[in-house]
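Colleague: So that we are looking at the same thing, I have put the structure below in structure tokens.
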Amino acid sequence: MSVLHSDEIARRLEKLPGWHHRGNALEKHFDRRNFDGSLAFVNAVAKAANEQNHHPDVTISWNDVALTLCSHDAGGITDRDFRLAEAIEALAAGS
């Protein structure tokens, strides 16, 4: 697993609206309307993350869920982070 170069990250982010490259990670905030919506979304993300064996950092603040993806073992952003971001986007679109 290799860390992606910044130009490749920028190219892939064009297909993931709202996601940002910050440092060695991808980040996005999701408005889930209320605390129950936030918890339900995080539980769905947890299931997808467990299936991929790749887990985001999660912060919940009532209706806001912040997700940060980084392949810590590789030292940056890899294809694994983009696969999980795509799965998270599908969950967000379906809820």
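Rule-based calculations on the coordinates, nothing more; no lab input. Please read these numbers as outputs of a predicted model, since none were measured by experiment. Glycine also receives a Cβ, built like all others from the backbone with ideal geometry; neighbour counts cover every protein chain displayed.
Colleague: What are the ³J(HN,Hα) values, in whole Hz, obtained from phi via the Karplus relation 6.51 cos²θ - 1.76 cosθ + 1.60 with θ = phi - 60°, for each residue of segment 53-66 in sequence order, with x given for Gly and Pro?
Modeller: Here the 3J(HN,Hα) series is 6, 8, 10, x, 7, 10, 10, 10, 9, 6, 9, 9, 10, 9 Hz.
Colleague: Starting from the Cα-Cα distance between THR68 and ALA93, subtract it from 0.36 nm times their residue separation and give me the gain in nm to one decimal.
Modeller: Details: separation 25, 0.36 × 25 = 9.00 nm, distance 1.83 nm.
Once the chain is fully extended between THR68 and ALA93, it gains 7.2 nm.
Colleague: Follow-up. Pairs of Cα atoms under 8 Å, at least six residues apart: use those to get the relative contact order of the chain, whole percent.
Modeller: Working: 131 pairs, mean separation 32.7, N = 95.
About 34 percent, as a whole number.
Colleague: What is the fewest-to-most order of VAL65, VAL42 by other Cβ atoms lying within 10 Å of their Cβ? Let's see the in-between values first.
Modeller: On the way: VAL65 23, VAL42 19.
The order, fewest Cβ neighbours first, is VAL42, VAL65.
Colleague: Rounded to the nearest 500, what is the 222 nm mean residue ellipticity of the chain from helices alone, with -39500 (n - 2.57) per DSSP H run of 4+ residues and division by all residues? Write out the running numbers ahead of the final one.
Modeller: Working: 3 runs with 42 residues, N = 95.
Value at 222 nm, helices only: -14500 deg cm²/dmol.
Colleague: Now a separate question. Find, to one decimal place in angstroms, the Kirkwood hydrodynamic radius of segment 6-94, where the mean of 1/r is taken over every pair of different Cα atoms and then inverted. Numbers along the way, then the final one.
Modeller: Details: mean 1/r = 0.0764 Å⁻¹.
One decimal place: 13.1 Å for the Kirkwood radius.
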